[in-house]
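Notes follow the structure.
Each value in this text was obtained by applying a stated rule to the coordinates, not by laboratory testing. Just so it is clear, the structure is predicted and the values come from calculations on it, not from any experiment. Note that we place each Cβ from the backbone using ideal geometry, even for glycine, and neighbour counts take in every protein chain shown.
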Amino acid sequence: MTPPAGGPDPLEVHRVELARRGDEDAFAALVRSHQDQLYRVALRMTGSPSDAQDVVQETLLQAWEHLPAFRGESGFSTWVTRILINRCRNLHRARRPVGPLPEGDQPAPGMPHSPAADTLAVTAQSRDAVRRALLALPLDQRAPLVLTTFAGYTFAETGRILGIGESAAKVRAHRARRALATTLQEWR
């Protein structure tokens, strides 16, 4: 999804230009090339597969509606990811915080107890702890961390997506990593 080191992908630039003029097939090609990456970012930002799907759909609809106004000052990927992050922020603002999930050390009724089951349970609890810790981060820290760590954007690209400087993106991602490490240390 990130353009090659030599600059923007000429095929993508061509597709964007066609889509800006109303070519639905060109926009569909852009969607196919970006939807998986957008979904991964949305999933990390929302923590919910259904919310992530909704956010991606809303993002793509908004991108289609506003594509004629796209000036091309950044790459399409940067622009559409910025829309996605804003949609995630809107969703976050619209929601009330939810309480933590209940903790349970006992196996579910009818489930056998074995060392392998214990290992799987610990792995699942670890994964869930990371997910909860990530979702507990403030959005201004979560977004740069998700974009750089999970989506593969550079700090410069992340800064452009979020409308902040490259150094601010680095600082926020670093703070997010520190907060995650602290939270996860407490979990252990």
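For this structure, a couple of remarks:
- Pairwise label distance in nanometres, ARG20 with ARG93, each label 7 Å out on the Cα-Cβ vector: 2.8 nm
- Net charge in the neighbourhood of LEU43 (other residues with Cβ under 11 Å of its Cβ; Lys, Arg +1, Asp, Glu -1) is +1.
- Dividing the mean sequence gap of close Cα pairs (under 8 Å, 6+ apart) by how many residues the stretch 4-83 holds gives a relative contact order of 28 percent.
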